[in-house]
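To start, the structure itself, in structure tokens.
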Amino acid sequence: MTAVQHDIHVFPVSGAKVPAGATVTEVAAMKEALQAALGGPRGANPLVGAVILDSRGHTIATGFHRGAGTAHAEADAIAEARRRGLDLAGTTMVVTLEPCNHLGRTGPCSQAIIAAGIARVVYAIDDPHGPAAGGARTLRAAGVEVVAGVEESEALELNREWFEAVASKRPFVTLHIAQTLDSRIAAEDGTSQWISSPESLADNHGLRGLIDAILVGTQTVLIDNPRLTARDGDGHAVGRQPLRAVMGLRDIPEDAAVKGTDGNFTHLRTREPAEALSMLFEQGVRHVMVEGGARILSAFLSAGLVDELVVYIAPTLLGSGTPALQGLGIKTLTAAQHWDWDDSGGGSVRRLGRDLRLHLKPVRQGTDTPGQSHARSEEQRLSDSAMPAAHTTGGH
Ligand SMILES: NC(=O)c1ccc[n+]([C@@H]2O[C@H](COP(=O)([O-])OP(=O)(O)OC[C@H]3O[C@@H](n4cnc5c(N)ncnc54)[C@H](OP(=O)(O)O)[C@@H]3O)[C@@H](O)[C@H]2O)c1
């Protein structure tokens, strides 16, 4: 297991005003950086974007973080500027998260900024990770001017689920569903390989290469005997492999493919999603992808423990078989779960070969859902249309 171990600190404070000291140009650059951040995938690390401004306030480089183990947004922007032969002395770095202070899998950004001669750093939100935090202090000590809290609530919203996962000391959870047009994940006889197009399978294996762990239920192991590795188009395991996790009380056969021979396997003997997540967290997992089957997907969704949804829809009908979800305990429309389109990590709706790939994030509790706002406008329409009638009968 190669996941970075993080000590978790505090939940960042939201709602702060734009602090005095930031210029209008820097606020505009922060919006650019927030947009750039969407280029990266969600997961163990937050989405982060960075913009470098020259002394006239012009953007000279942009960067973003492409996921755990890759360059941070600041280093990405500095590298872009270097590729173009630019001198960064006296420039301003505008970044959506406090520059990190720790080595991790990449170097500390605070040191890279100091070494580049950047004179001023404007950031949105403090880093909640213990070892990574403290970048602002290091920068100030080296004489770099630092302004914090610019567009803070937007930066918090950008990574809302990630901050919540960090504060709850659990991994970030991606739920993966590969289904037919009529929402089946397996046919009546149990066959499910492969519902998705080769392009969707390749995309899924790309995601497997980014995560720390992949989780399925015991029934999927018993029926499909999956390997749960990240593989290339020729079926060879490639790159960093996720921990293979199976959840459920029954024993897993000794010769099950998921056990492998590398020891990178764990059996979570529980049916409680929250307990499974805390077991994985204990093992260093910071990003898990839940791949099924139906009962496991439903259990995580019912528990409200899904941060991101990736759904592959094949233009295929089965008419019967295993539905993707087996009940979420929802009895009425007002209790429905609502999801928002997520433009990060390649976009919210994409064609992959014959399939559609949908990418969604949960709607925040208490936010107006599409159904509620429709119901409200309908209520308003009815009361508006009732008013003249009441006036007519009661008036003249
Ligand atoms: N299309 C796809 O991408 C895809 C992906 C995966 C699976 N599938 C298909 O999905 C089907 C399997 O789905 P499934 O729903 O039958 O099985 P499942 O979700 O894979 O596993 C269910 C089993 O997990 C255990 N479990 C652990 N936590 C649970 C919880 N909170 N609630 C209920 N059970 C829990 C239980 O076994 P214990 O008795 O051991 O506790 C239960 O029998 C297969 O046909 C497979 O081919 C399709």
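Values for this structure:
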read-out	value
Close pairs (6 angstrom Cβ cut-off, 6 or more residues apart or separate chains): in contact (Cβ under 8 Å) with a residue 12 or more places away in the chain and within 25 Å of D343 (Cα to Cα) in region 19-38, surrounded by fewer than 21 Cβ atoms within 10 Å (Cβ to Cβ) and among the acidic types (D, E) anywhere	L34/E154; L38/D343
Count - residues of region 130-168 that are under 17 Å from the mean Cα position of the chain (by Cα) and in contact (Cβ under 8 Å) with a residue 12 or more places away in the chain	13
Residues that are surrounded by 14 or more Cβ atoms within 10 Å (Cβ to Cβ) and either of a type in the set (D, E) or farther than 23 Å from T322 by Cα (or both), drawn from region 245-266	K259, G260, N264, F265, T266
Residue count for region 237-271, restricted to those that are in contact with a strand residue (DSSP E or B) (Cβ under 9 Å, 6 or more places away or on another chain), assigned to a loop (DSSP other than H, G, I, E, B) and within 14 Å of the ligand (Cβ to nearest atom)	7
Residue count for region 272-291, restricted to those that are free of Cβ contacts under 8 Å to residues at least 60 places away in the same chain and either within 23 Å of N225 (Cα to Cα) or within 15 Å of the ligand (Cβ to nearest atom) (or both)	4
Long-range neighbours under 7 Å by Cβ, at least six apart or interchain, first residue farther than 25 Å from R42 by Cα and touching a residue at least 40 places away in the same chain (Cβ under 8 Å) within region 187-208, second among the small types (G, A, S) and more than 10 Å from the ligand (Cβ to nearest atom)	E188/S320
Only one of E154, E188 that is over 30 Å from G353 (Cα atoms) and among the acidic types (D, E)	E154
Which listed residue, of S320, S302, S298, is away from the ligand (no atom under 11 Å from the Cβ), more than 22 Å from H205 (Cβ to Cβ), at pLDDT 95 or above and surrounded by fewer than 21 Cβ atoms within 10 Å (Cβ to Cβ)	S320
Matching residues, region 212-236, being farther than 16 Å from H176 by Cβ, surrounded by 14 or more Cβ atoms within 10 Å (Cβ to Cβ) and either modelled with pLDDT under 95 or not β-branched (V, I, T) (or both)	Q219, L222, I223
Count - residues of region 304-321 that are more than 27 Å from the chain's Cα centre (by Cα) and of a type in the set (S, T, Y)	2
Residue tally, condition of a type in the set (D, E) and surrounded by fewer than 18 Cβ atoms within 10 Å (Cβ to Cβ), over region 75-85	1
Filter result for the condition that a residue is within 22 Å of L47 (Cα to Cα) and either assigned to a loop (DSSP other than H, G, I, E, B) or acidic (D, E) (or both), over I125, I118	I125
Residue tally, condition of a type in the set (K, R) and modelled with pLDDT of 90 or more, over region 94-126	1
Count - residues of region 40-74 that are in a strand (DSSP E or B), of a type in the set (A, V, I, L, M, F, W, C) and either surrounded by 22 or more Cβ atoms within 10 Å (Cβ to Cβ) or in contact with a Phe, Trp or Tyr (Cβ under 7 Å, 6 or more places away or on another chain) (or both)	6
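The values are calculated or read from the model by the stated rules, or taken from the named source; none is laboratory data. A quick note: this is a predicted structure, and the numbers were derived from the prediction, not measured. In this analysis, Cβ positions are derived from the backbone assuming ideal geometry, glycine residues included, and neighbour counts consider all displayed protein chains.
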